[in-house]
1. Just name the residue that is farthest from the chain's Cα centre (by Cα) out of those in the stretch 107-120 that are open to solvent by less than 70 Å² (accessible area, probe 1.4 Å) and farther than 23 Å from Ile76 by Cβ.
2. Which of the residues spanning the stretch 71-90 are in a helix (DSSP H, G or I), of a type outside the set (A, V, I, L, M) and surrounded by fewer than 17 Cβ atoms within 10 Å (Cβ to Cβ)?
3. Within the group Leu68, Leu123, Leu58, Leu104, which residue is over 28 Å from Arg23 (Cβ atoms), open to solvent by 40 Å² or more (accessible area, probe 1.4 Å) and part of a helix (DSSP H, G or I)?
4. Pick from Ser99, Ser125, Ser50, Ser109: which is over 25 Å from Thr25 (Cα atoms), in contact (Cβ under 8 Å) with a residue 40 or more places away in the chain and of a type in the set (S, T, N, Q)?
5. So which residues in the stretch 17-55 are open to solvent by less than 20 Å² (accessible area, probe 1.4 Å) and either hydroxyl-bearing (Ser, Thr, Tyr) or not in a helix (DSSP H, G or I) (or both), if there are any at all?
6. Inspect all residues belonging to the stretch 136-145 and state whether any of them is open to solvent by less than 80 Å² (accessible area, probe 1.4 Å) and within 21 Å of the chain's Cα centre (by Cα).
7. Can you find a residue that is at positive phi and at pLDDT below 95 anywhere in the stretch 18-37?
Amino acid sequence: MGGVPAQGGRPRPAPARRLPRPRLTGLGGGLFACTAMTLVAGIVWLLFDSSLFAYGLLFLPVAAATALWVRPADLITAPISAPIAFAVGVWPVSGGSGSFGAQLMGIVSVLALHAGWLYGGTLVSALIVVVRKAVLISRRRLPRRTA
């Protein structure tokens, strides 16, 4: 039945496939978040007519994924790169008109008016980082208690 034969002759079930657990450096996590949010902004611009609600809603899983995929040594970079990625990716959906000044004012306006999404994604990222750090610390202390 697709299993691997065990020593006793009975097949044991094949190990379940797990999702890959990428380990990004701090810079890699920031680049991942910025690239992902730029792609999200393009998709929101094409499919949802530049809906800032959809952009903000899709920012939350990108911030969470960045916090989950960064290396343990670089955990502090995830909550820092999340708001940067939000600001980098917001340009296509900011709604500014043709000139550079108008584009810049559109980005500043979006950042000011939709700061709730920005703070929410940063909070999600920070909470995940705090939990991961607490788990790492508890794993380090556990062998000392048993010895």
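The values are calculated or read from the model by the stated rules, or taken from the named source; none is laboratory data. What you are looking at is a predicted structure, and each value in this text was computed from that prediction instead of being measured. Cβ coordinates were reconstructed from backbone atoms using ideal geometry, including for glycine residues, and neighbour counts include every protein chain displayed. Surface accessibility is based on the protein's heavy atoms, side chains included, excluding ligands, DNA and RNA. Shrake-Rupley method; radii C 1.70, N 1.55, O 1.52, S 1.80 Å.
1. Ser109
2. Within the stretch 71-90, Pro72 is the sole residue that qualifies.
3. Matching residue, one of Leu68, Leu123, Leu58, Leu104: Leu104.
4. Ser50
5. Across the stretch 17-55, the qualifying residue is only Tyr55.
6. The answer is yes; a qualifying residue exists.
7. The answer is no; no qualifying residue exists.
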